[in-house]
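The values are calculated or read from the model by the stated rules, or taken from the named source; none is laboratory data. Small disclaimer: the values here were computed from a predicted structure and weren't measured. Counting neighbours? That spans all protein chains shown, and the Cβs are built from the backbone with ideal geometry, glycine included. Accessible surface areas use protein heavy atoms only, side chains included; no ligands, DNA or RNA. Shrake-Rupley method; radii C 1.70, N 1.55, O 1.52, S 1.80 Å.
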Amino acid sequence: AADHPMSAFTETLRAVRHAAARTRPGEPGGRIIGFGSLVPGEGKTTMVLNFAMLAAASGSRVLLIDTDFRNP
């Protein structure tokens, strides 16, 4: 996302970030967003790292916790 800021991949990440950032009146602004899959090697880490970098670059505070339940 940082190397190709106008790519379709980056635009998709921006759309997800925008949808996650929307709040209703009276709701707290923080969000917990989970990424997962049933099959190893589908690109979860790539997706999460790019999403976190994009959110941080736009000024959001980000805490990224990466876990692997198959290989604790």
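Which residue pairs have Cβ atoms under 7 Å apart, sit 6 or more places apart or on different chains, and have a first residue in segment 32-49 that is under 14 Å from residue 71 (Cβ atoms) and a second that is hydroxyl-bearing (Ser, Thr, Tyr)?
Short answer, once both residue conditions are applied: 44/37.
Six or more apart or on different chains, Cβ atoms under 8 Å: show the pairs whose first residue is in segment 1-20 and closer than 13 Å to residue 56 by Cα and whose second is assigned to a loop (DSSP other than H, G, I, E, B).
Short answer, once both residue conditions are applied: 1/7; 13/1; 17/58; 17/60.
Among the residues of segment 59-67, is any open to solvent by 90 Å² or more (accessible area, probe 1.4 Å), among the hydrophobic types (A, V, I, L, M, F, W, C) and either farther than 22 Å from residue 15 by Cα or part of a helix (DSSP H, G or I) (or both)?
no
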